[in-house]
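Notes for the one structure printed next.
Bear in mind these aren't lab numbers, they're just calculated from the coordinates by the rules spelled out. These numbers come from a predicted model, not from an experiment. Here the Cβ positions follow ideal geometry from the backbone for every residue, glycine too, while neighbour counts run over all protein chains shown.
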Amino acid sequence: MSRLPSKWNVWSISLLALLVIGIFYHVIQRPLSFIIPIVVLGGIFLLYKYPPSFIRGNSSQQGRTYVKQSRTAASRTKPKKPRSKTVPFRVIEGGKEDDDLPKYH
């Protein structure tokens with residue numbers, strides 16, 4: 001017994017088989033109609049993955065390298081700001097009077 005997913009019924013399998021046959025027949029009859037879109041989409045993908053330098057927009061920083069400062073160097077250059085005080089949580093009493101429930105639980 002084959003273990004097909006529940007959404008694969010007879011109609012889905014027959015539609016998929018006809019689709020594969022149609023694509024195969026179309027590739028045999030007119031191969032150029034599939035090669036051109038594949039080349040165009042491949043070119044778009046390559047330009048997206050590896051954009052040229054004039055598209056990237058970093059022409060102003062050509063030749064410059066970014067040097068990351070270490071923590072000690074960064075702490076020496078910046079003055080230390082005083083940290084804010086830690087304030088304990090305050091309980092704000094509500095206006096609802098309910099005698100049935102205890103105030104603390």
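Which FRET efficiency value, to the nearest 0.05, is calculated for I55 and R30 with the Förster distance at 41 angstrom and r the Cβ-Cβ distance? Before the final figure, lay out the partial values.
Numbers: r = 34 Å, r/R0 = 0.82.
That pair, I55 with R30, gives E of 0.75.
Fully extending the segment from Y48 to S12, taken as 0.36 nm per residue of separation minus the present Cα-Cα distance, adds 9.5 nm.
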